[in-house]
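What follows is a single structure, written as C-alpha cells, with notes after it.
The values are calculated or read from the model by the stated rules, or taken from the named source; none is laboratory data. Since the structure is predicted, the reported quantities are computational estimates derived from the model, not experimental observations. Glycine also receives a Cβ, built like all others from the backbone with ideal geometry; neighbour counts cover every protein chain displayed. Quick note on the areas: whole protein, heavy atoms, side chains included, nothing else; ligands and nucleic acids left out. Shrake-Rupley method; radii C 1.70, N 1.55, O 1.52, S 1.80 Å.
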Amino acid sequence: MGGALTGKNIQRKFKIRGYTLKKDAFDLIISFVNRFPDAEDDAIDLLLDQLESESLKSSVLDKESVHKVVSLLLEAEAAVDDDTPTSTTTSRSSLRMIDAFLIPKFRYDLIRKVFYEHTGKLPIHGDASAKATLYKDRYLLLLQRLSRDPHFSRPAFDSEMSQFGNCEISPIQSLIGQTGKKWVMGVISQLEDGHFYLEDLTASVEINLSNAKITTGFFSENTVVIAEGQMLLEGIFQVFTCGFPPLEDRNKSLELLAGIDLFGSGALTMEETNRLVALEKMAVNEMFVIISDIWLDNDEAMEKIKTVLDGYENLEVVPSLFVFMGNFCSHPCNLSFKSYSNLRSLFGKFGLMIASHTRLKERSRFVFIPGPDDAGPSTVLPRCALPKYIIEELLNNVPDAVFLSNPCRIKFYTQEIVFFRQDLLYRMRRSCLLPPSTEETSDPFEHLVATVVHQSHLCPLPLNVQPIIWNYDHCLQLYPSPHTIVLADRSEQKAFKYAGITCFNPGSFTNESTFVAYRPCRQEVELSAL
C-alpha cells in the first residue's frame, strides 16, 4: 500500500469510529503503521481498538493522546518479540464508551426534512434563545417521527379515509373559530399559575384536562402530547383523549437517518456493521454487572461489594464490564460537605479492593458514573464525571478505570446502551398533572419506562424540578430508540421490556443489596441480590 493510500485508509477508518485527527497525531499514526508493511490494516484496527479502551476527553485526537497508546503497543510488541499486530477482537475492544459532553448535536430542519449537525461551539452557559431552542428541538424530534405514523397521516384523497380514520394533526393556531373534534400536538406548559397550556410552533391554547382519558405514562409539564378535543366558547381546548406520540421502529428510524450517527459512537459502513454483528453473535459469554448506590463510607455496603467481587472472581468467565453508579457517599456532597479528603481515601480503598481481585483487574473493565448527590460542580444534567481529586488514589490502583458523565452511553459491538442515574420515579410521580392510568398497568416503573421511551428523552421533567444545561439537552435524547436503557434509581429493583427496548433498574445496593447481571448478546436481565 502506497503512502497516500495508507493516509487515506487511516483517515477513513478513524472517521468511521468517530475520531478527527490533528496533523501531528496523523503523522505519528503514519509512522506507527509503516512499521508493519504487511499488516497495515491490522495495525490501524489494533490502534483504534486500544484508543477505545482509553478514557479520552475528546474525539479530536492530538499527538499526546495518540502517543500514549502507540507507546503501549510498541512496548507490548517488544515484550512478545512479534512484529505483526494481532487483529483478535477482545472484550475490551468491543466496548465504546461515550461521555455525554462528547455526543454530537443534530437538529431537525422542518423545511428540508433532514437532520443536520450543529458545528458551532456549545457554551455551558447558553443565552435565552438556547432555552427556547431546547423545547423546539424536543418538539420537532417527535413531530418528524409522528409524520410517518399511519394513524396520523393525511388521506391520499379527501374523499377517502385511512384505515384508522382521519386523525390529522391541526396546528393550534387553526383552532380559533373552529368547531368539532380536532387532534393537536404540543408541549404542556404552565404559562400562568394554575393554568396549563398546549404550545406548538404556531401558538398556544389553554387546556382543560379534568375529564381527559389518558394513556400509560406520567403526564407532567414539559411532556409532548397528542390530544383530541374541541374548542369551547371561552377559548379553552377541552381535552377528551390525551396520549404520548407513538413510537417508531428503530430500524425504520435508522433507515431514514441515512448513516447519520446520533448515538455518538461514529457512523459505520455496512461492511463494518456486518463484521460487528458476526462478532456480537459469538460473544455469548459476555456479561455486564451494574451496581448502583454504593456508599463507600458504609462498612456494611463495602463488605457486601467485596462479597460480590469475590463471587465473580471465581467464575470461569469473569464479567467483561462492571458499572458502578453513585451515590458513592451517604451524605450529599454539597457546600456543607467537609470530608472530600476522606472521600478521596475511601475511593483509594475501593481501588485496593478491586486490585486485590487479580482476574477481575486483568480481564474486566470498571466504569464509574456519578449519582445525583455526588461531588461535582452542580446538580444540573448532564453531570460531568467525578472530579480528578476524588478519584486519583483509585486510579493508582486501577489505572484502566473509566469515569464517565451522567448520563452516558456504551456501545457493545452494535448494541446501544444508555446509563442514567437519577431518582427519577419519585420526581415524575410528584410532578404528575393527572393520576396515572391503571387501564394497562399499575406498576409505576412501567409508567416511567413508557414516558421516557415515548418522549425519546431521559428526563422530561419541568426545568424547575430538574435543571438541564440548555445547550446539552440533546445528550438526554433517546432517538433512535437504543437497545437498552438503565434507569438506576433508589426505588425497587425492576426490569421491563417495552416495544423491544430492555429497561431495568438495579435498585439501591446499599439499602436493598440488589444489583443486575446483564447479558447484552441476548439482552437478558438477571435481577440479583445478596
*Name every residue in the stretch 299-326 that is assigned to a helix (DSSP H, G or I) and of a type outside the set (A, V, I, L, M, F, W, C), in order of residue number.*
Asp299, Glu300, Glu303, Lys304, Lys306, Thr307, Asp310, Gly311, Tyr312, Glu313
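Strands (runs of 3 or more DSSP E) wholly in the stretch 441-530 with at least 3 residues that are at pLDDT 95 or above, at negative phi and buried (at least 19 other Cβ atoms within 10 Å of the Cβ) - which ones?
Fully inside the stretch 441-530 and qualifying: 484-488, 501-505, 514-519.
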*Please work out which residue is most open to solvent (accessible area, probe 1.4 Å), limiting yourself to the stretch 398-425 and to residues that are outside any loop (DSSP other than H, G, I, E, B) and either aromatic (Phe, Trp, Tyr) or free of Cβ contacts under 8 Å to residues at least 12 places away in the same chain (or both).*
Phe403
*Could we say that Asp42 is open to solvent by 30 Å² or more (accessible area, probe 1.4 Å) and modelled with pLDDT of 80 or more here?*
yes
*May I ask you to say which residue of Ser336, Ser356, Ser341 is in the same structural domain as Phe515 (by the TED database), among the hydroxyl-bearing types (Ser, Thr, Tyr), under 18 Å from Lys388 (Cα atoms) and free of Cβ contacts under 8 Å to residues at least 60 places away in the same chain?*
Ser341
*Filter the stretch 327-381 for residues that are assigned to a loop (DSSP other than H, G, I, E, B) and among the small types (Gly, Ala, Ser) and give the result.*
Ser330, Ser336, Ser339, Ser356, Ser364, Gly371, Ala375, Gly376, Ser378
*Starting from the stretch 380-397, take each residue that is in the same structural domain as Ile369 (by the TED database) and open to solvent by 60 Å² or more (accessible area, probe 1.4 Å) and list its partners that are of a type in the set (A, V, I, L, M, F, W, C) and assigned to a helix (DSSP H, G or I), counting only C-beta distances under 8 angstrom and pairs at least six apart or across chains.*
Glu393/Phe347
*Is it the case that Ser210 is touching a residue at least 60 places away in the same chain (Cβ under 8 Å) and of a type in the set (S, T, N, Q)?*
no
*Which of the strands (runs of 3 or more DSSP E) contained wholly in the stretch 181-298 include at least 2 residues that are surrounded by fewer than 13 Cβ atoms within 10 Å (Cβ to Cβ)?*
182-192
*Examine the stretch 419-442 for a residue that is within 18 Å of the chain's Cα centre (by Cα), of a type in the set (Phe, Trp, Tyr) and within 27 Å of Val289 (Cβ to Cβ), and state whether such a residue exists.*
yes
_Test: residue in the stretch 342-355 that is of a type in the set (D, E, K, R) and at pLDDT 95 or above_ = yes
*For the stretch 20-30, indicate whether the set of residues that are touching an Asp or Glu at 6+ places or on another chain (Cβ under 6 Å), outside any helix (DSSP H, G or I) and modelled with pLDDT of 80 or more is non-empty.*
yes
*Could you please find all residues in the stretch 273-299 being in contact (Cβ under 8 Å) with a residue 60 or more places away in the chain and either in contact with an Asp or Glu (Cβ under 7 Å, 6 or more places away or on another chain) or closer than 21 Å to Gly348 by Cβ (or both)?*
Ile291, Asp293, Ile294, Trp295, Asn298
*Mind listing whichever residues of the stretch 432-472 are farther than 21 Å from Glu248 by Cα and charged (D, E, K, R)?*
Glu439, Asp443
*How many residues does the stretch 69-102 contain that are modelled with pLDDT of 90 or more, outside any helix (DSSP H, G or I) and out of contact with any Lys or Arg (no Cβ under 7 Å at 6 or more places or on another chain)?*
2
